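The values are calculated or read from the model by the stated rules, or taken from the named source; none is laboratory data. What you see is a predicted model, and the numbers here were worked out from it, not measured in a lab. Virtual Cβ from ideal backbone geometry, glycine too; neighbours counted across all protein chains shown.
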Amino acid sequence: MNTNVMDTLRARGFVKQTVFEEELYEKLGKESVPFYIGFDPTADSLHVGHFMQLIAMHHMQKAGHKPIILIGGGTAMIGDPSGRTDMRSMMTKETIRHNVECFKKQMSKFVDFEGKNAAIVVDNGDWLLDLNYVEFLRDIGAHFSVNRMLSAECFKQRLERGLSFLEFNYMLMQAYDFLVLHQKYGCSLELGGDDQWSNILAGANLIRIKEQKPAYAMTFTLLTTSDGKKMGKTAKGAVWLDENKTTPYEFYQYWRNIADDDVEKCMKLLTFLPLEQINELCAYKDERINKAKEVLAYELTKEVHGEEKANVAQSQAKAAFGGGNAELLTKEAIGAQTVVDAMVLAGIAKSKGEARRLIEQGGVSVDESKVTDVNMPVPANEFVLHKGKKVHVKIIVS
């Protein structure tokens, strides 16, 4: 381990808060540290909000530290109040198990599950679901101050609308996870987004009290736009890492279209490009920033979907946008009910018969999903229609 991974994370803008910082820095520089990051399996795909955690895990593992991926099979049955004003819905064990399999497949592009410091996946349902509640309260609950808990940011937001006792237990459970991982795997560091600071700190404190051993917390900057909004949201919803939910083209376009002020931050946090190259690409804030956006979009699409799909997405985007900063050609298809209607009304096909033939020959895609049904209804009021490799038109259905 030549470079201390904390130097790498700091230089790229990850680190927001730490505890016992000098002690942790020294430990990371001289030994392999098992660390964990928690993921609640509330969907069958990871999304852009998880992206930073995956990149951070990669940096940590590359520096010689062992990733423990904690899947919240137990906590997902309760719901984390952090950053929410409503109560999460509870999930079945079968759904959680399916989601875990999907997560692991996506994570394997960023972390290594074989070899030295191989990442492991554990499920907190293994120890949380069979807890004896009275024993848990006596053993763990005794070390928590309700006054201090209520001052935590994650609870403050929910108190205004009503915080259930179910959710109030979440901090204790997450702290207990850290304790169990410390006992089972020697885990001494928990990482996560800065909205998790109170929960992560509670776990580190619990280990220091119960085990009289060192434990550390580190949180990362949240992935937000320059005006403070969480990244990864579009009019259609979340930007997913699963290509069936967000196509490689849509994924590429999301990053290609981010605000100029967010490009450098995203490059540092989400790509593995050297900082010198990033500084060079982002040196100018005029139209030359578009080159940096193209590099960002390509690199991230390659990380998530592989080089081949990144190349396709990039070439489609260049064809659609004329290679420069031009807007996509827009056509109206007033009253279109089906994709075939839209093609005729927008002048992409001369007749419905021609439109159907193009679809049957596999030459038509909508937002990067191939159209296979000649009776497919229009998917939205606005969508991008691709005919072959050269015609790319934004369709507006009135």
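Basic (Lys, Arg) and within 30 Å of residue 5 (Cβ to Cβ): is that true of residue 156 in this structure?
no
Pick out the one residue from 250, 211 that is more than 29 Å from residue 11 (Cα to Cα) and in contact with an Asp or Glu (Cβ under 8 Å, 6 or more places away or on another chain).
250 is the lone residue from the list that is more than 29 Å from residue 11 (Cα to Cα) and in contact with an Asp or Glu (Cβ under 8 Å, 6 or more places away or on another chain).
Kindly evaluate residue 178 against the criterion of being surrounded by fewer than 21 Cβ atoms within 10 Å (Cβ to Cβ), under 25 Å from the mean Cα position of the chain (by Cα), assigned to a helix (DSSP H, G or I) and in contact (Cβ under 8 Å) with a residue 24 or more places away in the chain. Write out each step before concluding.
Working: surrounded by fewer than 21 Cβ atoms within 10 Å (Cβ to Cβ): no; under 25 Å from the mean Cα position of the chain (by Cα): yes; assigned to a helix (DSSP H, G or I): yes; in contact (Cβ under 8 Å) with a residue 24 or more places away in the chain: yes.
No: the conditions fail for residue 178.
Any chance you could count how many residues in region 294-320 are among the basic types (Lys, Arg) and at pLDDT 95 or above?
Selection size over region 294-320: 1.
Quick one: which helices (runs of 4 or more DSSP H) lie wholly within region 105-167 and hold at least 2 residues that are at pLDDT 90 or above?
125-128, 133-139
Which one of 152, 202 is out of contact with any Cys (no Cβ under 7 Å at 6 or more places or on another chain) and either outside the structural domain of residue 73 (by TED's automatic domain parsing) or under 25 Å from residue 33 (Cβ atoms) (or both)?
Working: 152 fails: either outside the structural domain of residue 73 (by TED's automatic domain parsing) or under 25 Å from residue 33 (Cβ atoms) (or both).
The unique qualifying residue is 202.
Name the one entry in 172, 191, 166 that is among the aliphatic types (A, V, I, L, M), in contact (Cβ under 8 Å) with a residue 60 or more places away in the chain and under 23 Å from residue 20 (Cα atoms).
191
Would you point out the residue of region 220-258, among those that are assigned to a strand (DSSP E or B) and charged (D, E, K, R), that is nearest to residue 16 (Cα to Cα)?
The extreme case among them is 230.
In region 11-33, which residues are basic (Lys, Arg) and over 20 Å from the mean Cα position of the chain (by Cα)?
27, 30
Quick test of your reading of the structure: residue 348 fulfils all but one of (1) assigned to a helix (DSSP H, G or I); (2) buried (at least 20 other Cβ atoms within 10 Å of the Cβ). Name the failing condition by number.
The one condition residue 348 does not meet is (1).
Might you let me know whether region 39-55 holds any residue that is modelled with pLDDT under 95, assigned to a strand (DSSP E or B) and crowded, with 20+ Cβ neighbours inside 10 Å?
Looking through region 39-55, at least one residue is modelled with pLDDT under 95, assigned to a strand (DSSP E or B) and crowded, with 20+ Cβ neighbours inside 10 Å.
Restricted to region 156-180, and to residues that are of a type in the set (A, V, I, L, M, F, W, C) and out of contact with any helix residue (DSSP H, G or I) (no Cβ under 9 Å at 6 or more places or on another chain), which residue is farthest from residue 76 (Cα to Cα)?
So, considering only residues that are of a type in the set (A, V, I, L, M, F, W, C) and out of contact with any helix residue (DSSP H, G or I) (no Cβ under 9 Å at 6 or more places or on another chain), the one farthest from residue 76 (Cα to Cα) is 165.
May I ask you to list pairs of residues, at least six apart or on different chains, whose Cβ atoms are under 6 Å apart, with the first in region 123-142 being more than 14 Å from residue 169 (Cβ to Cβ) and the second being outside any helix (DSSP H, G or I)?
123/71; 123/73; 125/73; 125/74
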